[in-house]
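The values are calculated or read from the model by the stated rules, or taken from the named source; none is laboratory data. Here the structure is a predicted model, which is why all the values come from computation and not from measurement. Cβ: placed from backbone, ideal geometry, glycine included. Neighbour counts: every protein chain shown. The area values use the complete protein model at the heavy-atom level, side chains included, leaving out ligands, DNA and RNA. Shrake-Rupley method; radii C 1.70, N 1.55, O 1.52, S 1.80 Å.
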Amino acid sequence: MSLEAKCMTCRKTYRLEANDPYYPKLKMNLTKLYICKSCSTAMKEEAISSTGLNPGMLDPKGHDKLVP
């Protein structure tokens with residue numbers, strides 16, 4: 001079973017499989033926003049280079065991560 005989602009950054013449509021972290025959030029209508037992996041990586045790298053902060057250093061135990 002899969003879902004189609006449009007990336008809010010690049011506007012491309014992607015097919016999400018059940019093992020994708022966004023799948024349960026979209027399926028249960030917890031969010032309507034989707035950002036593809038390439039856009040997410042690009043935004044993360046830009047944020048790291050502009051701030052000099054590495055997200056892994058902010059919360060090394062991962063308490064800030066959303067659980068699907």
Next item on the list: Tell me which residues, restricted to the range 23-32, are in contact (Cβ under 8 Å) with a residue 12 or more places away in the chain and open to solvent by less than 70 Å² (accessible area, probe 1.4 Å).
Entry: Y23, P24, K25, L26
Margin query: open to solvent by 90 Å² or more (accessible area, probe 1.4 Å), assigned to a helix (DSSP H, G or I), on the phi < 0 side of the Ramachandran plot and out of contact with any Leu (no Cβ under 8 Å at 6 or more places or on another chain): is that true of M57 in this structure?
Written below: yes
Check: What is the number of the single condition among (1) open to solvent by 100 Å² or more (accessible area, probe 1.4 Å); (2) farther than 15 Å from M1 by Cβ; (3) not aliphatic (A, V, I, L, M) that N19 does not meet?
Finding: (2)
Item checked: Matching residues, the range 1-16, being within 18 Å of M43 (Cβ to Cβ), open to solvent by 70 Å² or more (accessible area, probe 1.4 Å) and in a loop (DSSP other than H, G, I, E, B) -> M8, T9, R11, K12
Next item on the list: Only residues that are over 14 Å from the mean Cα position of the chain (by Cα) and not basic (K, R): list them for the range 1-23, please.
Entry: M1, S2, L3, E4, T13, E17, A18
Check: When you scan the range 26-53, how many residues do you find that are part of a loop (DSSP other than H, G, I, E, B) and among the basic types (K, R)?
Finding: 1
